[in-house]
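Everything below concerns the one structure shown next.
Derivation of every value follows stated rules applied to the coordinates shown; laboratory data play no part. Because the structure is predicted, anything quoted here is derived from the model rather than measured. Glycine also receives a Cβ, built like all others from the backbone with ideal geometry; neighbour counts cover every protein chain displayed.
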Amino acid sequence: MKYIMLICFFFTFISCEDKQSKNKVIPQKTVSKDVDNSKADKEGKANKDSNKLDSKNAMEFFLQYDKHHKENKVRITTDLGAIDILLFNETKFHRSNFIFLTKKQYFNGTQFYRVINNFMVQAGNSDDQKTMNKRNTIGRYLLPPDTKRGFKHDRGVISMPSSEIDNPHKLASPYEFFIVQQKGGAHYLDGDYTIFGKVIKGMDVVDKIAAVETDDGDWPRKNIYIKHVEIIP
């Protein structure tokens, strides 16, 4: 079970490159299951699906969401402590997406599922069926890259990995994020992944997470959960 991560259709592979320790870091494979709705009431299904995000409506949704939801600080409480994040207003779609998912309580119960010491810690997914159910409810969508704001992959920044499936433009997987833990930063990632915030408190917690023992797939041998994510003043 640990090597199979259940998520929705677009997010089969999510990865970053660690050019110091590995030529290419391959993430866990992911598997998704289509739900047979053939017996569902068509009108009811249409009404339900109209509230979901997809590749056609996501950008307009977050454009409008940004106008009314200006929060830009969150606290990620993990099994090993709390990490406070400042989200950048310059990357408004990615900031809005993270605030939206926080208010939807999506991240609660997800895990740090990929950890590489002196590189980064990656989170926002889980092998729990509940996580896939949350994604199914919210919708399937990707975000465009926003990599020309002058931000660098310095130690402590939060960035968004990209989906590799039919994705030459490195569209971002909105449900995942990674925090650069590498001393001196990981600037070889600049231009490939969207930086949308930085740690303002709790890098010691990031270091604790990065230092845990992992298996061959970079998954911590003892699961590290995100207990909850909350907006802070």
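Observations, loosely collected:
- Cleavage-rule hits, trypsin sites (Lys or Arg not before Pro), region 59-131, DSSP coil, Cβ neighbours within 10 Å at most 13: 70, 104
- Set 201/222; 103/201; 130/152 screened for pairs whose C-alpha atoms are more than 31 Å apart: 130/152
- FRET efficiency for the pair residue 73 and residue 216, taken as 1/(1 + (r/R0)^6) with r the Cβ-Cβ distance and R0 = 35 Å, rounds to 0.45.
- Cα Rg, Dmax, region 81-165, angstrom units: 13.7, 38
- Here, region 53-198 has an Rg and a Dmax of 14.4, 39 Å when only alpha carbons are counted.
- The gain in end-to-end length when the residue 51 to residue 187 segment is fully stretched comes to 45.1 nm, 0.36 nm per residue minus the alpha carbon separation.
- Three-way shape label, region 112-203, alpha-carbon gyration tensor, a/c 1.5: oblate
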